[in-house]
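Single-structure report; data block below.
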Amino acid sequence: MAFANAAISDIIATTIQSRNKIIADNVTKNNAVLTWMSKRGNIKTVSGGNTIMEELSFAANGNAGFYSGYETLPIAAQDVISAAEYQWKQAACPVTISGLEELMNSGPERMIDLLESRISVAESSMANLIAISLYGDGTGSGGKEIDGLAKQVATDPSTGVVGGIDRGTWQFWRNKIFKATTTGGAATTKDNIGDYMNALWASLVRGNDRPDLILMDNAYWAYFVASLQAQQRFSSSEAATRGFMALKYMDADVVLDGGIGGGMPVKNMYMLNTKYIKYRPHKDRNMVSLNPNKRYSVNQDAEVQILAWAGNLTASGLQFQGKMFE
C-alpha cells in the first residue's frame with residue numbers, strides 16, 4: 001500500500017524509537033515503587049531466557065561457628081542459595097495514523113505535532129497500565145498482568161506460590177502482616193496508626209535491613225498526616241525532588257500513592273524494603289516500537305506502530321516486606 005507522502009510514512013516508528021528512553025523513564029517516574037527502586041539501582045534489564053530468575057539466600061551457612069586451636073572445622077556442603085522464577089509479562093499500546101491524516105498533515109512540523117500528541121497519550125496509558133498492575137496480584141487480564149504487590153506482599157502470606165516458591169512450605173518467603181482489627185484490636189485511626197506502624201516496622205528490621213519506603217492509600221495517609229500535624233518537620237525534601245510529596249517515619253519515606261486513579265487498595269499500607277524488590281524489563285522490549293519497519297493494515301489506509309514492553313516485578317526477600325490493612 002502506497003502512502004501519499006512516502007517521505008514521512010514511517011515517522012511513527014522513528015518517533016517512538018527516538019523517544020523510547022524518555023518513555024521508559026517516564027514510566028518509572030510515574031510510580032513511587034519504581035522511583036525508589038531506581039534510587040536503589042534495582043531497575044535491572046534482562047537480556048533473555050525462558051523466565052526471569054532472581055537469586056536469593058534462604059538459609060544461613062550451618063558451618064559458621066566458634067572454634068579453638070587445631071579443632072576440626074565443619075566443611076559439609078551447604079544448600080543455602082536458590083532462586084525465584086518469574087514468568088514474562090507483556091504489555092502494548094498501538095499508535096495509528098490514517099492515510100487521510102497523513103494527507104491533512106503533510107507538513108513535517110504538523111505531522112510531528114500530531115504524532116507527539118498520540119505517542120504522549122500512548123506513553124501515559126502504558127505508564128498508568130504498569131503502575132496499576134504493580135499493585136495487582138497477577139491474575140488480571142487472564143493472568144497476563146505483572147506479579148504485583150498484592151501477590152508478593154500478600155494479605156495471607158502463608159499460602160500461594162510466588163516466583164515458583166510455595167509459601168505454605170517455606171516460611172522465609174512469607175511477608176509480614178498487621179491486620180488492624182485483629183492484631184491491633186481496633187480499626188485504624190489517627191490516634192493508633194503510629195503504634196500499629198511501630199509494631200509492623202519492628203517485625204521487618206534485621207540489623208541494617210529495614211524498610212525504606214512506605215506506601216499508603218488516601219485513608220491511611222490522612223490518618224498518618226493527622227497524627228503528625230503538630231510536627232511538620234517530618235517532611236522529606238529528597239522525596240520531593242523525585243516528584244512525590246513524602247513524609248518521614250523512622251528513616252523511611254512515607255508516600256501517598258493512592259490519589260486519583262491510583263492502584264492502591266482502600267485502607268492498605270505497604271512497608272517495603274526496596275533492596276529486595278526489582279523491576280526487570282527486557283533490555284530490547286522496554287517501551288520500544290515492536291517493529292521498526294512499516295506496519296500497514298491489509299484492508300485499511302492506515303499505518304500502525306506498537307509501543308511494547310516485557311518484563312515483571314521480582315523479589316529476592318519477601319520476609320523483609322510488610323503490609324497493613326483493616
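Taking the range 261-283 as the range and being under 22 Å from ARG40 (Cα atoms) and in a strand (DSSP E or B) as the test, the residues that pass are MET269, TYR270, MET271, LEU272, ILE277, LYS278, TYR279, ARG280, PRO281, HIS282, LYS283. For the range 291-308, the count of residues that are of a type in the set (D, E, K, R), modelled with pLDDT of 90 or more and buried (at least 21 other Cβ atoms within 10 Å of the Cβ) is zero. Within the range 121-141, the set of residues being assigned to a helix (DSSP H, G or I) and under 19 Å from GLN87 (Cα atoms) comprises LEU129, ILE130, ALA131, ILE132, SER133, GLY140, SER141. Checked against (1) in a helix (DSSP H, G or I); (2) free of Cβ contacts under 8 Å to residues at least 24 places away in the same chain; (3) farther than 25 Å from MET37 by Cα; (4) not hydroxyl-bearing (Ser, Thr, Tyr), ASN198 passes all but a single condition, namely (3). Evaluated against (1) modelled with pLDDT under 95; (2) not in a helix (DSSP H, G or I), ALA186 falls short on exactly one condition, (1). Does ALA84 satisfy being modelled with pLDDT of 95 or more and among the hydrophobic types (A, V, I, L, M, F, W, C)? Criteria not met by ALA84.
When the range 173-202 is filtered for residues that are surrounded by fewer than 16 Cβ atoms within 10 Å (Cβ to Cβ) and over 20 Å from ALA150 (Cβ atoms), the ones remaining, listed by number, are GLY185, ALA186, ALA187, THR189, LYS190, ASP191, GLY194, ASP195, ASN198, ALA199, ALA202. One residue alone among ILE97, ILE112 is closer than 30 Å to VAL304 by Cβ and at pLDDT 75 or above, and that residue is ILE97.
Out of GLY136, GLY143, report the one residue that is of a type outside the set (D, E, K, R) and either farther than 23 Å from LEU34 by Cα or in contact (Cβ under 8 Å) with a residue 24 or more places away in the chain (or both).
GLY136
The values are calculated or read from the model by the stated rules, or taken from the named source; none is laboratory data. Just so it is clear, the structure is predicted and the values come from calculations on it, not from any experiment. Cβ coordinates were reconstructed from backbone atoms using ideal geometry, including for glycine residues, and neighbour counts include every protein chain displayed.
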